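This report refers to the structure that appears directly beneath it.
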Amino acid sequence: MAENLIIAQATDKTSRYQALVPQIESLISGEPDVVANLSNIAAALKQTMNFFWVGFYIVKNNELVLGPFQGPIACTRIGIGKGVCGTCWKEKRTIVVPNVDEFPGHIACSSDSKSEIVLPAFKNSEVALVLDVDSDKLNDFDETDARYLEQVMRMIERFI
Ligand code: SME
C-alpha cells in the first residue's frame, strides 16, 4: 500500500485525476476490507481534488446509509429515488447536477453545497453503493469528473 499520496501540482483536473487514479489502485491493492478501502479512497479524493464533501452511501436494508466520507457532517439515510443519491441508485447511472437548487428533491446536507456528481458501483448488476461528491461552486463537475470517477467505481467493484 502507498503510504504517501503524491498530489499533482497541476491546476487542471485531468492532470490531477491522471496522477490520482493509479495511486488509488495501489492504495487498495491487496486490501480486501471494504471500510478501510472506501475510507482511503474518500481521503485521497479529498486531498487531491480538494472537494467540499466526498463520500459513500451504501445500500443496506433497502436504504442508502452514510459510509466513509470527508467533509462536514451529512444526513445518514436516503431512500430510493430520493435526492441525487437516491435517484442515482434508482436509475443506476451517473448524475451530474450543475446547480443543486434546480434538482427536484435535492437533499441539502449543507447550504454551502452548490453542485454535485453521484456515481453508482454495482454488485451482481445491482447498485451496492454510490459515491457522492459535492462542490461549493456552481457547475463544478463535467464529463472529465464522470470519466475518471467512473474508473474509480470500477476499482471499487473489485472489493465490494
Ligand atoms: N445532496 C445529496 C445528499 C447527500 S449530501 O450532499 C452529502 C442528495 O441530494 O442525495
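The values are calculated or read from the model by the stated rules, or taken from the named source; none is laboratory data. Everything quoted here is computed from the prediction, not taken from an experiment. We place every Cβ from the backbone using ideal geometry, glycine too, and count neighbours over all the protein chains shown. With ligands, DNA and RNA removed, areas are computed over all heavy atoms of the protein, side chains included. Shrake-Rupley method; radii C 1.70, N 1.55, O 1.52, S 1.80 Å.
Looking only at residues in region 70-122 that are polar (S, T, N, Q) and surrounded by 15 or more Cβ atoms within 10 Å (Cβ to Cβ), which one is farthest from the ligand (Cβ to nearest atom)?
To start, the set of residues in region 70-122 that are polar (S, T, N, Q) comprises 70, 76, 87, 94, 99, 110-111, 113, 115.
Next, from what is left, pick out any that are surrounded by 15 or more Cβ atoms within 10 Å (Cβ to Cβ): 70, 87, 94, 110, 113, 115.
Values: Q70: 11, T87: 7, T94: 13, S110: 7, S113: 6, S115: 10 Å.
The extreme case among them is T94.
Among the residues of region 78-135, write down those that are modelled with pLDDT under 95 and either in a strand (DSSP E or B) or within 18 Å of I41 (Cα to Cα) (or both).
none
Restricting to region 123-160, what's the tally of residues that are touching a Pro at 6+ places or on another chain (Cβ under 8 Å) and open to solvent by 60 Å² or more (accessible area, probe 1.4 Å)?
Number of matching residues: 2.
Here are some conditions: (1) modelled with pLDDT of 95 or more; (2) within 11 Å of the ligand (Cβ to nearest atom); (3) more than 10 Å from the chain's Cα centre (by Cα). L138 meets all but one. Which one does it not meet?
(2)
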